[in-house]
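I have placed the structure first, in the form of structure tokens, so that the comments after it can refer back to it.
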Amino acid sequence: MGETKSTLEDVRHWIVEHKLRAVGCLWLSGITGSIAYNWSQPNMKTSVKLIHARLHAQALTLAALAGAAVVEYYDHKSGAKAERYAKFLPPLERQPHKD
């Protein structure tokens, strides 16, 4: 019988394969949510609302990029990335070193 993946594993795999797309989606949702929240504040000017939304989204994006860097580091350390790309590279032929 085949092994079934959980939804969490599927999401993790998608994020590992599409890191920048995930960061972009997080930025877009962050700026949308921040604009929606700031729009409910009646005592702020529109320019201040937009600046706050941009700052919130920027902080969220930096956190997401740091998370993507941690995932990349983990993939590099575990060898998972090397195994994933090995099928696209031709096999290396060992040549003796010349002294």
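FYI, it's all coordinate maths here, none of it is from the lab. For clarity, every value in this text was computed on a predicted model and none was experimentally measured. A quick note on method: Cβ atoms are made from the backbone with ideal geometry, for glycine too, and the neighbour counts reach across all protein chains shown.
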How would you rank Thr32, Thr46, going from fewest to most other Cβ atoms within 10 Å of each one's own Cβ?
Thr46, Thr32
Neighbour counts of other C-beta atoms within 10 Å: give me Val70, Val16 arranged from fewest to most.
Val70, Val16
